[in-house]
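Worksheet: one structure, shown below.
The values are calculated or read from the model by the stated rules, or taken from the named source; none is laboratory data. This is a predicted model, so every value here is computed, not measured. Cβ sites come from the backbone with ideal geometry, for glycine too, and all protein chains shown count toward neighbours.
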């Protein structure tokens with residue numbers, strides 16, 4: 001006995017399918033702080049600049065160059081910083097890097113990729129509504145990964161300094177007011 005066989009024709013055949021999938025190259029899902037959400041209620045600096053500063057820390061260029069090889073090898077920032085201090089003393093500007101976007105997306109790439117795969121499959125079937133829904137879900141997954149990263153123990157962020165803890169009453173960085181966190185969104189272009 002043989003199972004039931006079905007036949008499905010694709011619009012414009014295989015070439016049509018490949019053309020529809022290649023159109024996805026013209027679409028992109030971005031996650032970050034676009035201009036429309038970058039303004040802060042208080043202060044001169046906007047959320048996009050603040051996120052950049054927090055992601056890279058405030059260190060002199062020579063300090064960045066000396067520490068970077070150790071960080072690239074997987075050494076935690078705190079250990080690379082301690083090594084730097086042992087040989088150079090304490091730097092004046094002490095804001096360690098606390099990256100959000102790239103490590104959060106990398107940590108949750110399986111969920112995001114799953115949705116992008118659904119978008120490709122929908123494009124193959126020429127199902128535009130399903131393709132758009134999948135792209136939106138991919139953006140939402142990426143956005144949620146970034147928002148959750150602020151309190152995710154995998155972020156490996158150094159705690160606030162003692163002076164900051166006294167001022168903010170918390171050792172957890174970047175979650176006091178939440179303006180920058182709320183400004184992170186996804187857009188599809």
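Some notes on this structure:
- Residues of the range 46-75 that are assigned to a loop (DSSP other than H, G, I, E, B), surrounded by 13 or more Cβ atoms within 10 Å (Cβ to Cβ) and modelled with pLDDT under 80: 57, 59.
- Residue under evaluation residue 167, criteria (1) at positive phi; (2) part of a helix (DSSP H, G or I), criterion not met: (1)
- Condition check for residue 30: at pLDDT 75 or above, under 21 Å from residue 142 (Cβ atoms), in contact with a strand residue (DSSP E or B) (Cβ under 6 Å, 6 or more places away or on another chain) and outside any loop (DSSP other than H, G, I, E, B): yes
- Residues that are modelled with pLDDT under 90, part of a helix (DSSP H, G or I), surrounded by fewer than 18 Cβ atoms within 10 Å (Cβ to Cβ) and touching a helix residue (DSSP H, G or I) at 6+ places or on another chain (Cβ under 6 Å), drawn from the range 121-137: 124
- Here residue 173 passes the criteria (1) in contact (Cβ under 8 Å) with a residue 40 or more places away in the chain; (2) outside any loop (DSSP other than H, G, I, E, B) except the one numbered (2).
- Candidate set from the range 148-164 (those that are assigned to a helix (DSSP H, G or I) and either without any contact (Cβ under 8 Å) to a residue 40 or more places away in the chain or touching a strand residue (DSSP E or B) at 6+ places or on another chain (Cβ under 9 Å) (or both)); member that is nearest to residue 47 (Cα to Cα): 164
- Given (1) within 30 Å of residue 24 (Cα to Cα); (2) in contact (Cβ under 8 Å) with a residue 24 or more places away in the chain, index of the condition residue 133 fails: (2)
- Some residue of the range 81-104 being closer than 15 Å to residue 27 by Cβ, at pLDDT 90 or above and in the same structural domain as residue 33 (by TED's automatic domain parsing): no
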